[in-house]
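Enquirer: Provided herewith is a single structure, encoded as C-alpha cells, for subsequent inquiry.
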Ligand SMILES: Cc1cc2nc3c(=O)[nH]c(=O)nc-3n(C[C@H](O)[C@H](O)[C@H](O)COP(=O)(O)O)c2cc1C
C-alpha cells in the first residue's frame, strides 16, 4: 500500500460533493494532485447499500494507478470521505470500505448544507463535541491509527468555536491528519477564511494539519502554506476552475516559493513583489485565459468521463465546462450553447468553434 503524502509539495484534491467523481479525480491526478478525496459518502447509505453510494465509490483499482489504456498514473492515494452522526454506522461503514479495499478515510465535520446538518452530521457535529469524539473513536478503531482524517470548521458560529479543543482530542485519539476550513458553519462560504487559526492548529497538534479555504490559485495555496506552516493544502473551487492548479502548485514550490518571497494573493499583483514570485504569478494569472491549456483539460476530461462514467458523462461535461471557461472571452455565449447541447457531436462542435480542433 502506498503511503499518504502529506507534504507542502503534495497538494490534495478536496472532497467536492457533485464534482470529485472518478473522471475528475483521474484528471486532477494527471495534473499533479498528490491525494484525491471522493465526494462525501453517507455512512448509512453505505451500510444499507444505496445505489447512489455505489456510484460515489466507483473507482479503478486503485483509482487509476493503472489506467485502462495501460498507462501508469503516478501514485495518488484515494481518501474516501464519509459523513454521519452515529458512531455505530460510521464504524460499520469504515469496516465495509476496508473490506472493499479502501485504506484511507476522512470524516466530514464541516459541511454546512442543511440537508446534512439537520441529521446531526457534517458541521452540526461541531455543536456536539462529545458525540463527534465518539464518532471519531469508532472510525479510528475501524480504520486503524493514522488512517483517518477529520475535516472541520472553526465551530458552528463565532460564539461557539471548538476547533482547537476538538482537533487536539482528535490528534490524541489517533487521527492521521486534520483539515481546517477556517470559517464558521453559519458563514457557509461567505466572508474571509481565518487562516491564522490553521497556524494555531499547526502549533498545537502533533499530527499534520491541512489548510482549506479560498485557495483559488496555486499562489493562494503557497501563500497559505507560508502563512500557516500547514503540512499541505486542499484545492476545492480552485481545482474546479482549472485542475492545472496542482501542476502550478508543484511548479511554484520547485521554484522555491516556500523559501523565497511570498506570491501575492490571487488577482492581486503587488508591484513591489520580487521578480521570481511576480513572474510566477503572472504565469498563474494568465492561466485561466489560456485557451490552449483549457482546451487540453476539456479534451482529456471528456475522454475520462466517457470512459469511466459513460452514463452521466455528457451531463457532467455540461456542468464542468462552463466553470472552466468562466474567465475566457465569449464565455457567456459558450456556456449558453453548452447547457443546451444534447449529444457528444453537438458538444464537440461547440467546443471546436471556440477552441479549434478538440477531438484529438
Ligand atoms: C461544490 C462543493 C462541494 C463540496 N463538497 C464537500 C464535501 O463533500 N465534503 C467536504 O468536506 N467539503 C466539501 N466542500 C468544501 C470544500 O472541500 C472546501 O473545504 C471549501 O470549498 C473551501 O475551499 P475553497 O474555498 O478553496 O473552495 C465542498 C465545496 C464545494 C464548493
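The values are calculated or read from the model by the stated rules, or taken from the named source; none is laboratory data. Being a predicted model, the structure only gives us computed values, none of them experimental. We place every Cβ from the backbone using ideal geometry, glycine too, and count neighbours over all the protein chains shown.
Enquirer: Which of the residues spanning segment 176-200 are touching a helix residue (DSSP H, G or I) at 6+ places or on another chain (Cβ under 7 Å), within 15 Å of the ligand (Cβ to nearest atom) and over 13 Å from residue 123 (Cβ atoms)?
Expert: Initially, segment 176-200 is screened for residues touching a helix residue (DSSP H, G or I) at 6+ places or on another chain (Cβ under 7 Å), giving 178, 180, 182, 185, 195, 197-200.
When the remaining residues are screened for being within 15 Å of the ligand (Cβ to nearest atom), the result is 178, 180, 182, 185, 195, 197-198.
Once the filter is applied, which keeps residues that are touching a helix residue (DSSP H, G or I) at 6+ places or on another chain (Cβ under 7 Å), within 15 Å of the ligand (Cβ to nearest atom) and over 13 Å from residue 123 (Cβ atoms), segment 176-200 yields 178, 195, 197, 198.
Enquirer: Kindly indicate which of 143, 148, 132 is within 23 Å of the chain's Cα centre (by Cα), buried (at least 23 other Cβ atoms within 10 Å of the Cβ) and without any contact (Cβ under 8 Å) to a residue 40 or more places away in the chain. Full working, then the answer.
Expert: Numbers: 143 fails: without any contact (Cβ under 8 Å) to a residue 40 or more places away in the chain; 148 fails: without any contact (Cβ under 8 Å) to a residue 40 or more places away in the chain.
Exactly one of 143, 148, 132 is within 23 Å of the chain's Cα centre (by Cα), buried (at least 23 other Cβ atoms within 10 Å of the Cβ) and without any contact (Cβ under 8 Å) to a residue 40 or more places away in the chain, namely 132.
Enquirer: Filter segment 1-21 down to residues that are in a loop (DSSP other than H, G, I, E, B) and closer than 19 Å to residue 323 by Cβ, then give me how many there are. If you could, list the steps in order and put the result at the bottom.
Expert: Step one: filter segment 1-21 for residues in a loop (DSSP other than H, G, I, E, B), giving 1-11, 14-21.
Checking the rest, the ones that are also closer than 19 Å to residue 323 by Cβ come to 11, 14-21.
Here the count works out to 9.
Enquirer: Somewhere in segment 317-332, is a residue out of contact with any helix residue (DSSP H, G or I) (no Cβ under 8 Å at 6 or more places or on another chain), farther than 16 Å from residue 241 by Cα and without any contact (Cβ under 8 Å) to a residue 12 or more places away in the chain?
Expert: no
Enquirer: Note down all Cβ pairs under 6 Å where the first residue falls in segment 209-221 and is farther than 13 Å from residue 189 by Cβ, the second is part of a strand (DSSP E or B) and near the ligand (Cβ under 10 Å from one of its atoms), and they're at least six residues apart or on different chains.
Expert: 210/179; 210/234; 211/233; 221/233
Enquirer: Scan segment 155-163 and tell me whether some residue there is in the same structural domain as residue 236 (by TED's automatic domain parsing) and touching a residue at least 40 places away in the same chain (Cβ under 8 Å).
Expert: Taking segment 155-163 as the starting set, the residues that turn out to be in the same structural domain as residue 236 (by TED's automatic domain parsing) are 155-163.
Still in the list and also touching a residue at least 40 places away in the same chain (Cβ under 8 Å): none.
No, segment 155-163 has no match at all.
Enquirer: Within segment 167-264, considering only helices (runs of 4 or more DSSP H) that don't extend past its boundaries, which have at least 2 residues that are within 30 Å of residue 141 (Cα to Cα)? Write out each step before concluding.
Expert: Values: elements: 196-204, 218-228, 237-241, 245-254.
It comes to 196-204.
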